[in-house]
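Okay, structure first, notes after.
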Amino acid sequence: MRTEVAIIGGGPSGLLLSQLLNKAGVATVILERSSREHVLSRIRAGVLEWGTVQMLHEAGVSDRMEAEGDPHDGCYFTDDDLMVHVNFHELTGKRVMVYGQTEVTTDLYEAQDAMGTTIVHNVEDVVIQDPTTNAPYVEYTVNGERRRLDCAYVAGCDGFHGVSRKTIPEDKRKEFERVYPFGWLGVLSRTKPSHHELVYANSSNGFALASMRSQTLSRYYVQVPLTDKVDEWSDERFWTKLQSCLPADVAGSMETGPSIEKSIAPLRSFVNEPLRWGRLFLVGDSAHIVPPTGAKGLNLAASDVFYLYNALVDALKKGDETGIDGYSERALTRIWKAMRFSWQMTTMLHQFEGEDSFAGQMRKATLKHLSQSETARRDLAENYIGLPY
Ligand SMILES: Cc1cc2nc3c(=O)[nH]c(=O)nc-3n(C[C@H](O)[C@H](O)[C@H](O)COP(=O)(O)OP(=O)(O)OC[C@H]3O[C@@H](n4cnc5c(N)ncnc54)[C@H](O)[C@@H]3O)c2cc1C
C-alpha cells in the first residue's frame, strides 16, 4: 500500500488528524493495534476546550456534540470551608464542552468511514522504517501476514505505550517526567450528576472530583494510594469516601447507584522532546502525558493535531516545509504551558503522603486567594478553557 501520511494509532489524535487531512485532500491510512470496539470502550476524557470544539467543527464532526454535549460556563473549587465558583464565560467570553472522549471517537470513526479512509485494526509488530529519508515506510503484521505501507510522512499517534516515540534513538531525544505518589479511582455510574458543573474538592479527607458525561451519566473520582487495587473498592466504600470529600450540599443531593466502570489511573507528567525525527512526527499521548486534574490530555492532543495538520497540508499541497520544520517547537511551547497548569492544579488540590502541615495551609490560602481575586480566577479560567493555538 502507498499513502501520503501513514498514521500509527486510531485513538482521538490519529482519527482527528486523518479526518482533517482527508478533508484537505491528503490521503491517509490508519494502523490501529486494537479492535474498534476496544478503542470505543475506553472511558477517558470528558471536557473539551474551546479550541478543541472549534477543531471538531472544522473536521465536520460537531453535529452530535452540538446536540448532545453540555456547554459549561464554569466550575467549582472547594475545601472544608469554601466553595469558589470560577465563571469561565464571564471572565473569558468562552466555555468548555462536556462531551465524552468515547463520543468524540465514535463520531470520528463514522466520519472516517464516510470518507472511505482505510483503517487497519488489530495490527501487530509495527516498525517505522527509514524515517530520516525521503522514502519512509511502515511494516506491520495483520492476520499473520507481514505488510508494508509506503508514505511521505509518518504521524505517531499511538499513545504513551506505542512504538513511535521509541523509534527515535535515545541520544536524539530527551524525556522529562514527574510521577505523582497517588492515583485517581474513577467510577462511571448511570446516575444524575450531583451538581450542574464540575466540582473539584480539596478536603481534609482528600481530593475528589464530581464530574459528568451527560445529564444521566456521572463520572466521579477520589484520590487513592498507588498501592490500592480496584477490587478493594466496593461501590459502597467508594460512595462513602466520595461523599466525605465533597461539601455537604453536593454530597447530600448525590444520586448513587451501581458503577458501570471503575478503574485506577496513576498520575504522571511526561514530555518527550523533540516531537520530530526526520519525517516522523509525534502527536498527543505518544509525546506527552498530563495528570487529568487540568482536563488537558485530549485537548493537548487536539492542539498538536492543529499544528501538524496545517504543516502537512502546506508541505504536501504547496511544497512549503516551514510548518513541519517549526512543528515541534510550536507544539512544545503550548504543551509546556499546559504541563505547568496541570501540575499547578494537581499540587493545589491533592494531599501528598508525608507532607508537612505547611502544605495544607498553602492549599487553603490558594483557594482563599482564588475566592477573593478576580485576577486569580481569570488566570485559572484562561488556562482551563485552553490557551490560544
Ligand atoms: C484512564 C485514563 C483516563 C483519562 N482521563 C482523562 C481526563 O479525564 N481528561 C483528559 O483530558 N484526559 C484524560 N486522559 C487522557 C486522554 O484520554 C488522552 O490524552 C487521549 O486519549 C490522547 O489521545 P491519543 O490519540 O494521543 O492517544 P490514545 O488515546 O492513547 O490512542 C492511541 C492509540 O494508538 C493505539 N496504539 C498503541 N500502540 C500502537 C501500535 N504499536 N501500533 C498501532 N496502534 C497502536 C492504541 O490502541 C490507541 O488506540 C485519560 C487517559 C487515561 C489512560
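Laboratory data are not the source of any read-out in this text; all were calculated from the coordinates shown. Since we're looking at a predicted model, the values are computed, not measured. When we count neighbours, we look across all protein chains shown, and the Cβ atoms used for this are built from the backbone with ideal geometry, even at glycine.
The relative contact order of the chain comes to 21 percent, based on Cα pairs under 8 Å that sit 6 or more residues apart. Each residue in Arg147, Arg44, Arg165 was given a count of other beta-carbon atoms within 10 angstrom of its own, and listing them fewest first yields Arg147, Arg44, Arg165.
Mean-square fluctuations from a GNM of the chain, with a 10 angstrom spring cutoff on Cα atoms, peak among Ala311, Ala114, Ala27 at Ala114.
Based on the Kirkwood radius over alpha-carbon pairs, what value in µm²/s does the Stokes-Einstein equation return for the translational diffusion coefficient of the range 257-327 at 10 °C and 1.306 mPa s? Estimated via Stokes-Einstein, D reaches 113 µm²/s. Projected onto planes of every orientation and averaged, the convex hull of the alpha-carbon atoms in the range 326-389 covers 5.4 nm². Taken as entire DSSP H runs, the helices of the chain that both span 27 Å or more between Cα atoms along their own long axis and average 0.0 or more on the Kyte-Doolittle scale are 297-318.
What the phi angles of the range 132-144 give under the Karplus curve with 6.51, -1.76 and 1.60, with θ = phi - 60°, is a coupling list of 8, 9, 7, 10, x, 8, 10, 9, 7, 10, 9, 6, x Hz, glycine and proline written as x. The residues Asp356, Asp107, Asp80, when put in order of fewest to most other Cβ atoms within 10 Å, stand as Asp356, Asp80, Asp107. Under 26 Å of direct C-alpha separation, and excluding same-chain neighbours fewer than eight residues apart, Lys166 reaches these lysines: Lys174, Lys296, Lys337.
Here the average projected area of the convex hull drawn through the C-alpha atoms of the range 91-236 stands at 15.3 nm². Restricting to Cα pairs below 8 Å that are 6+ residues apart, what does the relative contact order work out to for the range 252-320? Please round to a whole percent. Here the relative contact order equals 23 percent. A Förster distance of 56 Å, applied to the separation of the beta-carbon atoms of Phe358 and Val127, puts the FRET efficiency at 0.65.
Going by how many other beta carbons lie within 10 Å of each one, how would you line up Val104, Val120, fewest first? The most exposed by this proxy come first: Val120, Val104. Reducing the range 124-140 and the range 55-91 to their Cα centroids gives an inter-centroid distance of 40 Å. Partners of Lys368 within straight-line reach, counting aspartates and glutamates whose Cα lies under 18 Å from its Cα and excluding those fewer than 8 residues away in the same chain: Asp79, Asp80, Asp81, Asp379. Could you check which residue among Thr333, Thr92, Thr227 shows the biggest mean-square fluctuation in a GNM of the chain with a 10 Å Cα cutoff? Largest GNM mean-square fluctuation: Thr227. Binning all Cα-Cα separations of the range 1-118 at 10 Å, short to long from zero, yields these whole-percent fractions: 12, 38, 28, 14, 6, 1, 0. When the Cα atoms of the chain are aligned to their principal axes, the ranges along those axes come out at 61, 41, 41 Å in descending order. Using 0.36 nm per residue and subtracting the Cα-Cα separation, the extra length available between Asp63 and Arg173 on full extension is 35.6 nm. Just so you know, the Cα atoms of the range 193-240 work out to an Rg and Dmax of 11.8, 33 Å.
Any of Lys23/Lys317; Lys192/Lys364; Lys241/Lys262; Lys23/Lys318; Lys94/Lys192 with alpha carbons more than 19 Å apart? Name them for me. As for pairs spanning more than 19 Å Cα to Cα, those are Lys192/Lys364; Lys94/Lys192.
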